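Okay, structure first, notes after.
The values are calculated or read from the model by the stated rules, or taken from the named source; none is laboratory data. Fair warning: this is a prediction, and the values are worked out from it, not measured in the lab. Neighbour counts run over all protein chains shown; Cβ positions are idealised from the backbone, glycine included. For the accessible areas, the whole protein counts, side chains as well, though only heavy atoms, and no ligand, DNA or RNA atoms are used. Shrake-Rupley method; radii C 1.70, N 1.55, O 1.52, S 1.80 Å.
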Amino acid sequence: MNMILILLGAPGAGKGTQAKLLAEKYKIPHISTGDMLRQAVKDKTLIGKQAKQYMDAGQLVPDGVMIEIIKERVTQADCNKGFILDGFPRTVVQADALAALFASMKLKQPQVLNFAVVDAEIIKRLSARWMCPCGAVYNTFTNPPQKAGVCDLCGKKLYQRDDDKEETARKRLDVYRKQTQPLIEYYQQKNLLINIDAARAIDAIFKDVVKHL
């Protein structure tokens, strides 16, 4: 296995955008927690059925079940050259469980990319994000539509997700700082962390990431 990447960063830090670019460049899959869960449920695997019970009840999927889903996913053929993990781990307990999984599978140590952006910029980015039902994403500051409130691609009216509104964005950021920020120190102590200044243009960030890798 050539490359295992774990992406860290607050919501709105640009992890998803960089993950797509990295997956394309290195020909490895970008695996998000949500995608894994949905696929396992769709495939009706044994562990997927377990996860569905929690999801249907509106509960968080336990760490042990998530680890098994990750194991199922990364043993698939498209992960032979490596993979990008996005959305997991979120806590130090999960990071320990993931490290144990990798050790049991005799996988190499991951490289952990931390996309760092100051809180004020995160709030600005999230509250400026607008979506289209067709899947297009716009940002009032960095990628505005040609006509305000209307999608360039399909002409439909743009909308803002509830979790992108400023008050909710601040709450999401608070949760991230309390729960996920300790992972930065965790991976730093293991000399696996690569800090990336994510307050720049997408191309500049990507070049910096590639240089570090």
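Descriptive notes on the structure:
- The residues of the stretch 29-42 that are assigned to a helix (DSSP H, G or I) and open to solvent by less than 60 Å² (accessible area, probe 1.4 Å), listed by number, are Thr33, Gly34, Met36, Leu37, Ala40, Val41.
- Subset of the stretch 1-28 that is in a helix (DSSP H, G or I) and of a type in the set (S, T, N, Q) - its residue that is least open to solvent (accessible area, probe 1.4 Å): Gln18
- Scanning the stretch 73-124 for residues that are more than 18 Å from Ile196 (Cβ to Cβ), open to solvent by less than 40 Å² (accessible area, probe 1.4 Å) and either β-branched (Val, Ile, Thr) or free of Cβ contacts under 8 Å to residues at least 24 places away in the same chain (or both) returns Val74, Thr91, Ile123.
- Filtering the stretch 82-131 to residues that are at positive phi and in contact with a strand residue (DSSP E or B) (Cβ under 6 Å, 6 or more places away or on another chain) leaves Gly82, Gly87.
- Residue check, Gln160 at pLDDT 85 or above, of a type outside the set (Gly, Ala, Ser) and open to solvent by 90 Å² or more (accessible area, probe 1.4 Å): no
- Qualifying residue in the stretch 175-189 (condition: without any contact (Cβ under 8 Å) to a residue 24 or more places away in the chain, within 14 Å of Val118 (Cβ to Cβ) and surrounded by 14 or more Cβ atoms within 10 Å (Cβ to Cβ)): no
- Strands (runs of 3 or more DSSP E) within the stretch 109-153 that include 3 or more residues hydrophobic (A, V, I, L, M, F, W, C): 111-116
- Selection status of Gly58, more than 27 Å from Phe206 (Cα to Cα), open to solvent by 50 Å² or more (accessible area, probe 1.4 Å) and of a type in the set (Gly, Ala, Ser): yes
- The listed residue being of a type in the set (Ser, Thr, Tyr) and over 20 Å from the mean Cα position of the chain (by Cα), out of Thr140, Thr91, Thr180, Thr168: Thr140
- Across the stretch 9-26, the number of residues qualifying as out of contact with any helix residue (DSSP H, G or I) (no Cβ under 9 Å at 6 or more places or on another chain), of a type in the set (Lys, Arg) and farther than 19 Å from Pro89 by Cβ comes to 1.
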